[in-house]
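Notes follow once the structure below has been shown.
What follows is calculated from the coordinates using simple rules that are stated; it is not laboratory data. Note that the structure is predicted; figures quoted are calculated from it, not measured. As a convention, Cβ positions derive from the backbone with ideal geometry for all residues, glycine included, and neighbour counts pool all protein chains shown.
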Amino acid sequence: MTTWTPDSMPGLSGRSAVVTGANSGIGLPTALELARHGAHVVVAARDPAKGAEAVRRIRRAAPDARVELGQLDLADLASVRSFAAGVREVDLLVNNAGVGLTPKGLTKDGFETQFGTNHLGHFALTGLLLPLLAARPGARVVTVTSDAHAAGRIDFDDLGLERGYGRMAAYARSKLANLLFALELQRRADRAGVDLKSVATHPGTTATNIVKVGPLQPLVRLLLKAPAAGAVPSLYAATSPDVRGGEYFGPKARLLRPARAAQSEELAARLWEVSAELTGVRFEQLTGR
Ligand SMILES: NC(=O)c1ccc[n+]([C@@H]2O[C@H](COP(=O)([O-])OP(=O)(O)OC[C@H]3O[C@@H](n4cnc5c(N)ncnc54)[C@H](OP(=O)(O)O)[C@@H]3O)[C@@H](O)[C@H]2O)c1
């Protein structure tokens, strides 16, 4: 099998995309390739200056790109609501942003930082954009998780990780939540008859800001793959006609199998209900309410 590259992407003229964390790392080449192929792209960034620089870089690389900046802080539900209210149409939502291995902390709304940012922020964003996504034929939601999800564990009695905080354990938990969410979104969309593909991706270890490798950083980075390669699974998931909802793709767009915990429909359903309760976002179109 030949390796898939973004050159195989279909034309995306008339399609609108939102990419979270598009100012940096894997998100920037994801946004660039979507724009280069004709999509209107919203670069969703928490820092407006970094976001504006990313928009400039995309326009330099693809002068015809239709790209605009949106301010989005996933660690603040008011910001998620205000960002979503400003989106006019969306066919492709790429839930890419993330924090990793952060010290113990809380989001603006009091959730553990990595769970709150990586999972709850994207859960809320997706739910708030669902009416727009559901109005577009062939809409897709791509959620970037990690193979680190396999080490994740969710204790609903200790979502604040008060009984012991580990940076890696908190990251793995947030990435397990990302994957459970992506798979549950597909099941709920199917049950509700909503035309939507929800697809998960693992970029593979990529030289970006999230990868903390200590004093040997510059050296180790040379050994890791470039962000453009890390963007391949997301671009494939967002655009390939061969993709089916509920699939999970890794490096070189290879199909991966989620770890056992991520396949648990019971865990996914419970996480969904708890996330809806914590964020106040209820995905009415999927529940009939
Ligand atoms: N790199 C890897 O090896 C690897 C492996 C597996 C999975 N992943 C996943 O890939 C995704 C992209 O990460 P990356 O590797 O490209 O790292 P990155 O360069 O650090 O990019 C992360 C992006 O998320 C944004 N972000 C962080 N907190 C945010 C918040 N509260 N609100 C909005 N945006 C926020 C960052 O904004 P700032 O620039 O303002 O910080 C940045 O744009 C993440 O979901 C990560 O878990 C990466």
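State to the nearest 20 debye the size of the charge dipole of the chain about its Cα centre, where the only charges are +1 on K and R beta carbons and -1 on D and E beta carbons. Numbers along the way, then the final one.
Details: 35 positive and 27 negative charges, 134 e Å.
So the dipole magnitude of the chain works out to roughly 640 debye.
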Worksheet item: Given H placed 1.01 Å from N in the peptide plane, which residues other than close sequence neighbours of Phe249 have an amide H under 5 Å from its amide H?
Response: Ala200, Thr201, His202, Leu256
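For a quick protection proxy, order the peptides 145-151, 42-48, 155-161 by their average other-Cβ count within 10 Å, most packed first.
Numbers: 145-151: 20.9, 42-48: 22.7, 155-161: 12.0.
Result, highest mean first: 42-48, 145-151, 155-161.
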Worksheet entry | Kyte-Doolittle mean at least -1.0 and Cα axial length at least 15 Å: DSSP H helices in the chain | 48-61, 122-134, 167-192, 265-279
Practice prompt. Compare the Cα positions of Leu69, Leu34, Val18 along the charge dipole of the chain (+1 at Cβ of Lys, Arg; -1 at Cβ of Asp, Glu; about the Cα centre) and return the one farthest towards the positive end.
Written response: Leu34
Discussion item. Suppose each label sits 7 Å from its Cα in the direction of the beta carbon; what would the Ala78-Asp158 distance come out to in nanometres?
Written reply: 3.2
Worksheet item: Summing Lys, Arg as +1 and Asp, Glu as -1, what charge do residues with Cβ under 10 Å from the Cβ of Gln114 carry, Gln114 excluded?
Response: +3
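Using Stokes-Einstein with the Kirkwood hydrodynamic radius over Cα pairs, what translational diffusion coefficient do you get for region 68-137 at 20 °C and a viscosity of 1.002 mPa s, in µm²/s rounded to a whole number? Walk me through the numbers on the way to the answer.
Numbers: Rh = 12.6 Å.
Roughly 170 µm²/s, to the nearest whole number.
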Worksheet item: By a straight-distance test (C-alpha under 25 Å), which lysines pair with Lys225 as possible cross-link partners, with residues fewer than eight away in the same chain excluded?
Response: Lys50, Lys175, Lys212, Lys252
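Using only DSSP helix segments of four residues or longer, with each worth -39500 (n - 2.57), what per-residue ellipticity at 222 nm results for the chain after dividing by its residue count and rounding to 500? Numbers along the way, then the final one.
Values: 10 runs with 111 residues, N = 289.
Taking each H run of at least 4 residues, the total per residue is -11500 deg cm²/dmol.
Return the FRET efficiency for the residue pair Val274, Ala49: r is the Cβ-Cβ distance, R0 is 25 Å, and the value is rounded to the nearest 0.05.
On the way: r = 35 Å, r/R0 = 1.40.
That gives a FRET efficiency of 0.10.
Roughly speaking, what is the stretch gain from Arg59 to Ala135, that is 0.36 nm per residue apart minus the C-alpha to C-alpha distance, in nm to one decimal?
Working: separation 76, 0.36 × 76 = 27.36 nm, distance 2.87 nm.
Taking 0.36 nm per residue and subtracting the Cα distance, the gain is 24.5 nm.
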Worksheet, complete the sentence: Highest mean packing first, using Cβ neighbours within 10 angstrom, the peptides 256-268, 88-100, 113-125 sort as 113-125, 88-100, 256-268
Worksheet item: Hey, how many Å between the Cα centroid of region 109-140 and the Cα centroid of region 180-248?
Response: 15
Practice prompt. Please list, in chain and number order, the residues 5+ apart from Val41 or on another chain whose amide H is under 5 Å from its amide H, with Hs placed from the backbone.
Written response: Ala17, Arg66, Val67, Glu68
